[in-house]
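Bear in mind that the values in this text are calculations on the coordinates, not laboratory data. It should be emphasised that the depicted structure is a prediction, and the values quoted were computed from it without experimental measurement. Every residue, glycine among them, receives a Cβ derived from its backbone with ideal geometry; neighbour counts consider all protein chains shown.
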Amino acid sequence: MPILIAEDDELILKTIEHKLMKEGYEVILTRNGKEAIDTILSTDVDLVITDIMMPFASGVEILSAIKSAGKKVPVIMLSSMGQEDVILNAFDLGAADFIVKPFSPSELMLRVKRITGS
């Protein structure tokens, strides 16, 4: 199953896509929160990587939609906001991991492999 990336920054989106595809993962790209939620609810995915600050629906709203739908999809949250309350809120809502931007694509891959078991 694919990994869904929800990111409105085109450079970050393409960097993550390239790194995941290089490692053999199938990738679905979404550029706003509404598109991400619609795709997650209609498609089975192994993992979601989402920015917190997204147009139309935030990463937190994406995480809430996944939980409300009863899907057991792990979510890695990305944010340039490293504030403790934002991080704690993401984990309280069930995020599997949280990475503060800027981040190393290699570090992201290690976390993806840990969560997906591949």
Checklist entry - For labels at GLU84 and GLU10 in the simple 7 Å Cα→Cβ model, what's the distance in nm? => result 3.9 nm
Checklist entry - Assigning unit charges at the beta carbon (Lys, Arg +1; Asp, Glu -1) and nothing else, what dipole magnitude in debye, to the nearest 20, does the chain show about its Cα centre? => result 300 debye
Checklist entry - Which pairs in the list LYS34/LYS113; LYS19/LYS101; LYS34/LYS71; LYS19/LYS113 are over 21 Å apart, alpha-carbon to alpha-carbon? => result LYS34/LYS113
Item to check | Along each principal axis, Cα extent of the chain, largest first, Å | outcome: 32, 31, 27
Next on the checklist: Can you tell me the length gained on complete extension of the stretch SER64 to ASP92, counting 0.36 nm per residue apart and subtracting the Cα distance?
Outcome noted: 9.0 nm
Item to check | the range 62-118: trypsin sites (Lys or Arg not before Pro) falling in loop per DSSP and having at most 11 other Cβ within 10 Å | outcome: LYS72
Item to check | Summed side-chain charge close to ALA65 - residues other than ALA65 whose Cβ falls under 14 Å, Lys, Arg +1, Asp, Glu -1 | outcome: +1
Next on the checklist: Tell me the net charge near LYS34. Cut-off is 12 Å between Cβ atoms, LYS34 excluded, with +1 for each Lys or Arg and -1 for each Asp or Glu.
Outcome noted: -3
